[in-house]
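Here the structure is laid out as structure tokens; the discussion comes afterwards.
Nothing in this text is a laboratory measurement; each read-out follows from the coordinates by a stated rule. Predicted, not measured: the structure shown is a model, and the values here were computed from it. Note: ideal-geometry Cβ built from the backbone for every residue, glycine included; neighbour counts use all protein chains shown.
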Amino acid sequence: MKIDKKLIKELVDSLDEFKLTELEYQSGDTKIKVSKGAKTSNLIKTTEAVVSNNKAVLSDEEEGVRIKSPIIGTAYMAPEPGAKQFIQVGDKIKKGQTILIVEAMKTMNHVPATSDGTVKSILVKDGQPVEFGQTLILLK
């Protein structure tokens, strides 16, 4: 399947133009969902496009190790409300270290780092729903 980058760029531009946080487009079997969110530390926007049933994911930041969600659920950045977050942008982390929790069916699932690295960006917000295979964290 060829990815129509021009269409995705138009959809991303529409997010800003109409002050939207999410936009979905479907034509035949191709489904494109574009969303953006602000990082809590430096308010830089992150844009992702999910194409055709989450099979291809594009991001503004192509380089780095991606840590993806192992399940569908709700992401939490700290072990409990009001507690210190597991990680911050710029933190050095070790393989196996808990980076966040994904709650599914009232079960708290700790998501470990898949490799050593430095946190380049956090692509989800606390309390945000996440999909299986969605990129959560980008490491340098």
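Segment LYS95..ASP29, full-extension length gain: 20.0 nm, with 0.36 nm per residue of separation and the alpha-carbon distance subtracted. For the range 65-139, the equivalent ellipsoid derived from the Cα gyration tensor has semi-axes of 18, 14, 11 Å, listed largest first. Once amide H atoms are built 1.01 Å from N in the peptide plane, which residues 5 or more positions from LEU136, or in another chain, come under 5 Å H to H? Distant-sequence amide H within range of LEU136: ILE67, LYS68, SER69. Annotation for the range 77-119: trypsin sites (Lys or Arg not before Pro) lying in DSSP loop with at most 11 further Cβ atoms inside 10 Å of their Cβ are LYS84, LYS94, LYS95, LYS106. Taking every lysine pair in the range 65-139 that is 8 or more places apart or spans two chains, those with Cα atoms closer than 21 Å amount to 16.
Of all lysines in the structure, those lying under 24 Å Cα to Cα from LYS6, and not within fewer than 8 positions of it along the same chain, are LYS19, LYS31, LYS33, LYS36, LYS45, LYS55. The distance between label points at SER14 and GLN85 comes to 3.1 nm (points 7 Å beyond Cα on the Cα→Cβ vector).
Pick out, in residue order, every one of the chymotrypsin sites (Phe, Trp or Tyr not before Pro) in the range 61-140 that is DSSP loop and has at most 13 other C-beta atoms within 10 Å; say none if there are none.
Answer by residue number: PHE132.
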